[in-house]
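Reviewing the structure listed below.
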Amino acid sequence: MQALGGIARQPRGFGALLVVAAAVPALWYAWAIYSDFALGSRYLGSDPIKAAEHAYGAWTLRALLATLAITPLRRLTGWNWLAKHRRTLGLYAFAYGVLHLLVWAIIDVQLVIDDLVGWDVVKTDLLKRPFITIGMLALVLMLPLAITSTKGMIRRLGKSWSKLHRLVYVVAVLGLVHFFMAVKLDWREPLVYAIVLAALLGWRVVESRRRAAADGAVA
Amino acid sequence: MRIPKLPSSELTPESWYLDRRKFLAAAGVAGAGLLGAARFADAGQEQQGGPQARGTPYGLQPNDTPTPWADVTGYNNFYEFGTGKEDPARNAVNFVPRPWTVKVDGLCDNPGDFRLEDFLKPSRVEDRIYRMRCVEAWSMVIPWRGIPLKDVIDRARPRASAKFVEFTTLLDPRRMPGQRFPALEWPYKEGLRLDEARHPLTLLATGVYGRDLPNQNGAPLRLVVPWKYGFKGIKSIVRMRFTETMPTSSWMQAIPSEYGFYANVNPQVDHPRWSQATERRIGEFRRRPTLPFNGYADQVASLYSGLDLRRNY
């Protein structure tokens, strides 16, 4: 396919820049929580733990959407060098999901450092509260994707690798449902994510139909 | 008469008031209010207590330190000005809570439309430091200023048939931009049983930290019911109506499975989406256990004897 834009080739240092840039929110919120509690700053407002927890959740979804945007972007622009950064974005989505879970479990409900709450609450939360169950399920489903993201695994799994990694669609939808369930009545913010996700998934449906039609015409 | 000695933690001088003179004036009023509190404190209970005393005035616990002004006025729920907790402080800046009229109607013998000044004037303003427990499992300690709700109820002379009182917030989407989005059905409504409304702890607040209520905290007039979750504390009240039947609050209407009429703080009854067993006091890292009736059980538990609090959440 012909490149539409002027960057048919990857700009120098793009990969390294992406790796560093995607880590910035993670580092920032970790530092800000520490600073707000230990040094008396107010970077994250009145409830820094909730602020960081929500930010990590939002960055999980953003990284997932970015991952899903790679293929449409490649097709539309011809920047095929984007393909090799999909793994970076996908792994960051997983990492932010893990951070989201850790902030929730360790410093929000204080599972580990506080026997006041303890396992009981977490068990109840996981089993009895659908919005937490769904979020947890989304994260668990990302685990096999992260594990099989190495070059060796891609080679070894062959065709089943692509099949397995279609799970990312399920993960994205579950993550979004989790977001809708977590906000009380104001669904405007998750709606923005839902529109982007719908566009990215819709593009795939249209694209595969178009291809099927084109194949049919050729045959 | 001597003002009861308070543990220094209850009089945190740190940036409470703009200047010393105001602080002293407010401390005087606070003292008067605390004396009034003796009315309903257990007879013979130690009132002069320092931090070691069981049951300080208003059931304040020894480790309850007033939450800083910046948090009290910069982090709260007031959906009329946006659903984010920092939205009210941002979006209520231009709200002008004057002139203000409160309508009193329903089953009472002295109904009418009252100018705010006339509505409040006959009562003595008191300062009271209360814990505030949000249903979302965070909490604060807030030095309110206001009048006992009982005063205005008595002046309205509710009839014998009146069992409840319903409150309504101002409906004005031009002045309250959050009302342009139907997060809840506007106007916001809340209600209390008449005996809850007459309880000496129940406050009609007009101020915080010795100043007039900031717009974002419900200016010019809001309800404070310290043993209930914060959403019962309806803000910017324009109407009080006495009814025979239980009013439906906005949250009951929006999500009946999650929010009931009573909304008493209860660590044993979880919110469907989270545990209510513990809470995070704003400014603290470690969670605290949540106390039944938010620590005011001695004063209010008797209101609910015989009521199944698990079903009447």
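Okay, here's what the table says:
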| quantity | calculated |
| --- | --- |
| Only one of B:Arg90, B:Arg115 that is closer than 30 Å to A:Leu44 by Cβ, surrounded by fewer than 14 Cβ atoms within 10 Å (Cβ to Cβ) and modelled with pLDDT of 95 or more | B:Arg90 |
| Restricting region B:96-130 to residues that are assigned to a strand (DSSP E or B), within 19 Å of B:Arg145 (Cα to Cα) and of a type in the set (Val, Ile, Thr), the residue that is nearest to the chain's Cα centre (by Cα) | B:Ile129 |
| Matching residues, region B:58-88, being touching a Leu at 6+ places or on another chain (Cβ under 8 Å) and closer than 15 Å to B:Glu136 by Cβ | B:Tyr79, B:Thr83 |
| In region B:289-311, the residues that are more than 20 Å from the chain's Cα centre (by Cα) and either surrounded by 15 or more Cβ atoms within 10 Å (Cβ to Cβ) or more than 13 Å from chain A (Cβ to nearest Cβ) (or both) | B:Ser305, B:Gly306, B:Leu307, B:Asp308, B:Leu309, B:Arg310, B:Arg311 |
| Checklist (1) free of Cβ contacts under 8 Å to residues at least 24 places away in the same chain; (2) within 14 Å of another protein chain (Cβ to nearest Cβ) applied to A:Ala21, failing item | (2) |
| Criterion (in contact with a strand residue (DSSP E or B) (Cβ under 9 Å, 6 or more places away or on another chain), at pLDDT below 95 and surrounded by 12 or more Cβ atoms within 10 Å (Cβ to Cβ)) met by exactly one of A:Leu116, A:Leu185 | A:Leu116 |
| Residue identified as buried (at least 18 other Cβ atoms within 10 Å of the Cβ), closer than 30 Å to B:Val102 by Cα and out of contact with any Gly (no Cβ under 6 Å at 6 or more places or on another chain) among B:Trp251, B:Trp274 | B:Trp251 |
| Conditions (1) at pLDDT 90 or above; (2) away from chain B (no Cβ under 12 Å); number of the one not met by A:Leu127 | (1) |
| Count - residues of region A:37-87 that are among the polar types (S, T, N, Q) and surrounded by fewer than 17 Cβ atoms within 10 Å (Cβ to Cβ) | 4 |
| Single residue of region B:177-203 satisfying the filter (of a type in the set (A, V, I, L, M), in contact with a Leu (Cβ under 7 Å, 6 or more places away or on another chain) and in a loop (DSSP other than H, G, I, E, B)) that is farthest from B:Leu223 (Cα to Cα) | B:Ala183 |
| Any chance B:Lys189 is more than 19 Å from B:Tyr296 (Cα to Cα) and at pLDDT below 95 | no |
| Region A:172-219, subset within 14 Å of chain B (Cβ to nearest Cβ), assigned to a helix (DSSP H, G or I) and in contact with a Leu (Cβ under 9 Å, 6 or more places away or on another chain), residue farthest from B:Leu184 (Cα to Cα) | A:His178 |
| Residues satisfying the stated conditions in region B:251-264, i.e. within 10 Å of chain A (Cβ to nearest Cβ) and either touching a strand residue (DSSP E or B) at 6+ places or on another chain (Cβ under 7 Å) or of a type in the set (A, V, I, L, M) (or both) | B:Ala254, B:Ile255, B:Glu258 |
| Criterion (of a type in the set (Lys, Arg) and either more than 14 Å from every other protein chain (Cβ to nearest Cβ) or under 27 Å from B:Ala162 (Cα atoms) (or both)) met by exactly one of B:Arg281, B:Arg239, B:Arg286 | B:Arg239 |
| Residue within region A:153-171 that is within 14 Å of chain B (Cβ to nearest Cβ) and in a helix (DSSP H, G or I) present | no |
| Of all residues in region B:265-278 being within 10 Å of chain A (Cβ to nearest Cβ) and touching a strand residue (DSSP E or B) at 6+ places or on another chain (Cβ under 8 Å), the one that is farthest from B:Tyr130 (Cα to Cα) | B:Ala277 |
| Residue that is farthest from the other protein chains (Cβ to nearest Cβ) [pool: residues in region B:178-188 that are crowded, with 17+ Cβ neighbours inside 10 Å and out of contact with any Asp or Glu (no Cβ under 6 Å at 6 or more places or on another chain)] | B:Pro187 |
| Residue match in region A:45-62 (condition: of a type in the set (Lys, Arg) and farther than 27 Å from A:Met136 by Cβ) | no |
| Region A:57-97, subset touching a Leu at 6+ places or on another chain (Cβ under 7 Å) and of a type in the set (Val, Ile, Thr), residue nearest to A:Ala22 (Cα to Cα) | A:Thr88 |
| Any hit, region B:116-138, residues being among the aromatic types (Phe, Trp, Tyr), in contact with a helix residue (DSSP H, G or I) (Cβ under 7 Å, 6 or more places away or on another chain) and within 14 Å of chain A (Cβ to nearest Cβ) | no |
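The values are calculated or read from the model by the stated rules, or taken from the named source; none is laboratory data. Small disclaimer: the values here were computed from a predicted structure and weren't measured. We place every Cβ from the backbone using ideal geometry, glycine too, and count neighbours over all the protein chains shown.
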